[in-house]
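Chemist: Here it is, the structure, as structure tokens.
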Amino acid sequence: MSHHVYAFEPPERFVAGTVGAPGERTFFLQARGGGRLISVALEKVQVSLLAEKLEELLQEAHRRFGVDLAAEPAAETADNEPLDTPLDEEFRVGTLGLQFDVDTATVVIEAIAVGEEEAEEPEEDEDDELATADRDRLRVRLTPAATRAFIERAKRVVASGRPPCPLCGQPLDARGHLCPRHNGYRR
């Protein structure tokens with residue numbers, strides 16, 4: 001079975017976004033460039049962890065290699081536009097990979113499709129590269145400034161969902177919330 005590598009080095013646009021009402025949202029990573037538009041679906045926690053780990057990667061690149069990091073992304077680079085259409089899911093993300101390329105001073109993000117064995121039952125695999133070699137993937141190369149802009153948008157997208165319960169931290173539902181801190185009584 002053949003696999004596709006959707007490479008954007010660099011993309012015209014790379015963002016995290018959602019479709020749907022809070023509590024029923026589907027999260028996407030979307031890359032546009034060279035007349036192509038690729039959207040891949042992933043979980044909210046993956047978007048949140050991606051933003052967190054990208055921040056850590058930029059800090060480490062600054063510490064180890066002296067990469068210039070702007071304190072904040074410039075206001076003109078902030079992307080608050082909705083996801084581009086048509087929104088066709090190419091695949092669901094199972095694995096995310098991050099790398100800092102010292103030679104080009106860029107961040108490389110790889111989103112790798114869920115494999116059949118991951119969808120059925122996760123298993124420890126000694127050689128992850130061999131296990132993911134035959135899967136579709138989205139590869140994006142970003143400058144540190146573009147990475148910071150992505151991080152800020154991803155954080156806004158994750159935070160724009162349902163507010164957390166002040167007692168247990170679980171998302172509040174418009175129909176009510178069974179809070180474990182209240183022994184299951186609705187709040």
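The values are calculated or read from the model by the stated rules, or taken from the named source; none is laboratory data. This one's a predicted model, so the numbers in the text were calculated from it and none came from an experiment. Cβ atoms come from the backbone with ideal geometry, glycine included; neighbour counts cover every protein chain shown. All accessible areas refer to the heavy atoms of the entire protein, side chains included, with ligands and DNA or RNA removed. Shrake-Rupley method; radii C 1.70, N 1.55, O 1.52, S 1.80 Å.
Chemist: Within segment 71-78, is there a residue that is touching a residue at least 60 places away in the same chain (Cβ under 8 Å), in a strand (DSSP E or B), open to solvent by less than 50 Å² (accessible area, probe 1.4 Å) and not small (G, A, S)?
Modeler: Within segment 71-78, not a single residue is touching a residue at least 60 places away in the same chain (Cβ under 8 Å), in a strand (DSSP E or B), open to solvent by less than 50 Å² (accessible area, probe 1.4 Å) and not small (G, A, S).
Chemist: Six or more apart or on different chains, Cβ under 8 Å: which pairs go from a residue in segment 84-113 that's under 20 Å from R64 (Cα atoms) to one that's acidic (D, E) and surrounded by fewer than 17 Cβ atoms within 10 Å (Cβ to Cβ)? Could you list them?
Modeler: F100/E60; V107/D101; V108/D101
Chemist: Cβ-Cβ below 7 Å, separation at least six or inter-chain, first residue in segment 130-145 and closer than 11 Å to T106 by Cβ and in a helix (DSSP H, G or I), second modelled with pLDDT under 95 and of a type in the set (V, I, T): which pairs?
Modeler: Matching pairs, first to second residue: P144/V67; A145/T77.
Chemist: Moving on. Hey, L37 hits all of (1) farther than 16 Å from Q99 by Cβ; (2) assigned to a strand (DSSP E or B); (3) open to solvent by less than 30 Å² (accessible area, probe 1.4 Å) but one; which does it fall short on?
Modeler: The single condition L37 does not satisfy is (3).
Chemist: Okay, next question. Return only the number of the condition from (1) open to solvent by 70 Å² or more (accessible area, probe 1.4 Å); (2) among the hydrophobic types (A, V, I, L, M, F, W, C); (3) modelled with pLDDT under 95 that L49 does not satisfy.
Modeler: If we test L49 against (1) open to solvent by 70 Å² or more (accessible area, probe 1.4 Å); (2) among the hydrophobic types (A, V, I, L, M, F, W, C); (3) modelled with pLDDT under 95, just (3) comes out false.
Chemist: Restricting the search to segment 92-107, which residues are among the aliphatic types (A, V, I, L, M) and open to solvent by 60 Å² or more (accessible area, probe 1.4 Å)?
Modeler: Scanning segment 92-107 gives L98, V102.
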